[in-house]
1. Residues to consider are GLY292, GLY259; find the one that is on the phi > 0 side of the Ramachandran plot and in contact (Cβ under 8 Å) with a residue 60 or more places away in the chain.
2. Those residues that are under 30 Å from GLY101 (Cα atoms) and either of a type in the set (Gly, Ala, Ser) or free of Cβ contacts under 8 Å to residues at least 60 places away in the same chain (or both), I need them from the stretch 308-338; list them, please.
3. Take the residues in the stretch 19-37 that are in a loop (DSSP other than H, G, I, E, B) and out of contact with any Asp or Glu (no Cβ under 8 Å at 6 or more places or on another chain); name whichever of them is nearest to GLU296 (Cα to Cα).
4. With respect to VAL7, is the statement that it is of a type outside the set (Gly, Ala, Ser), modelled with pLDDT under 95 and more than 24 Å from ALA253 (Cβ to Cβ) true?
5. Does the stretch 295-316 include one or more residues that are among the hydroxyl-bearing types (Ser, Thr, Tyr) and touching a Pro at 6+ places or on another chain (Cβ under 8 Å)?
6. Looking only at the stretch 211-228, which residues are crowded, with 23+ Cβ neighbours inside 10 Å and outside any loop (DSSP other than H, G, I, E, B)?
7. Please go through the stretch 44-82 and pick out each residue that is under 17 Å from TYR167 (Cα atoms), aliphatic (A, V, I, L, M) and surrounded by fewer than 24 Cβ atoms within 10 Å (Cβ to Cβ).
8. Would you mind listing the helices (runs of 4 or more DSSP H) fully within the stretch 38-121 where at least 1 residues are among the acidic types (Asp, Glu) and not assigned by TED's automatic domain parsing to the domain that holds GLY205?
Amino acid sequence: MTDGKSVDSLKEEAGKGTTVRTLLDEIEAACGRIYGLVRQTAVVQLPHDSRRPASTRAYAKLEQLQVTGSFKLRGATNKILSLSPEAAAAGVVTSSTGNHGVGVAAAAKFRGIDAEVFLSSQVPEAKWKKIASYGARIRKVGNDPLSAELAARAAARESARTYISPYNDCQVVAGQGTIGVELLRQTDSLDAVFIATGGGGLISGIGTYLRKHSPGTEVVGCWPENSRVLYESLLAGRIIEYPETYTLSESTAGGVESGSVTFDLARITIHRGVLVAEGAILAAMKWAWQHGWTIEGSAGVALAAFFQEAASYEGKSVAIVFCGGNLSPEVQIRLDSTAD
């Protein structure tokens, strides 16, 4: 989705004052900030599968083993630990469909500050209970994620608290970018990395770091066919609305905020995009489960995309980011119903 420009030529292109150079500095700062809570997750070689050439070296980055079961803890921790004492004392507010809310709650508890998480009625009981277990206050508002987000932003403004976006924030993106730092430490070389993409925070962070420090690594954005707003926006050259239907990849579902910093960052860091069908996502999740890994639908998107494209990576080294392992009850039922 880009023309292969260098980082230096791109550094002024990202919107809202968030240059690539600024983000690279923020990623380095995050590496010195987050590991009191965040753990460096393992990279493991995937067992061979007939869907890929035998000469392909495929690795998984196991973010489902993160403290909260998802990469989202990285961005939330970096944001919260970067707050001034005055901002931290006022507390933080966010809205979430699950993983981001858990990350904010855990990071707020770690710093010892107040956190309030706005959730819509769509969020399952298991998810809001996990958020509450970290001590965050839960506010249930509306029947959809947008209603919860608008209410959370209004509450933050009225109370002078910091609203923490799941992706539209340079320090959140930088926290996610620490995965890129770890990948280069944990592998000898990478020809490509497959990353599930929703609002673009994860791929913007990882992709920005890799573009600078491993420019030969292809950054592959992965979307479910049923929910691909950022993919279509990138093709259109602007953030647009695009119809969605149900997807197992709950964590990547939803639109992209107007003016999001991640749009331009994604535009200049993603080399190409891959769309995968729901059946392929479920099959990938089942394959992972059979090999001892419980991954959520968004991680299944990246794995399914790799299986779909594997023939193009003969003799190459590829990483797939298993971005989380927090299954909703509905997805768990779907997975169990297909188990042998």
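The values are calculated or read from the model by the stated rules, or taken from the named source; none is laboratory data. Quantities reported herein were computed from a predicted structural model and do not represent experimental measurements. Quick reminder, even Gly has a Cβ in these numbers, built from the backbone with ideal geometry, and neighbours come from all protein chains shown.
1. Answer to the check: GLY259.
2. ALA319, GLY324, GLY325, LEU327, SER328, GLN332, ILE333, LEU335, ASP336, SER337, THR338 - these are the residues of the stretch 308-338 that are under 30 Å from GLY101 (Cα atoms) and either of a type in the set (Gly, Ala, Ser) or free of Cβ contacts under 8 Å to residues at least 60 places away in the same chain (or both).
3. LEU37
4. Yes.
5. Within the stretch 295-316, one or more residues are among the hydroxyl-bearing types (Ser, Thr, Tyr) and touching a Pro at 6+ places or on another chain (Cβ under 8 Å).
6. Hits for the stretch 211-228 are ARG211, VAL219, VAL220, GLY221, CYS222, TRP223, PRO224.
7. LEU81
8. Numbers: elements: 72-82, 85-90, 99-111.
Hits in the stretch 38-121: 85-90.
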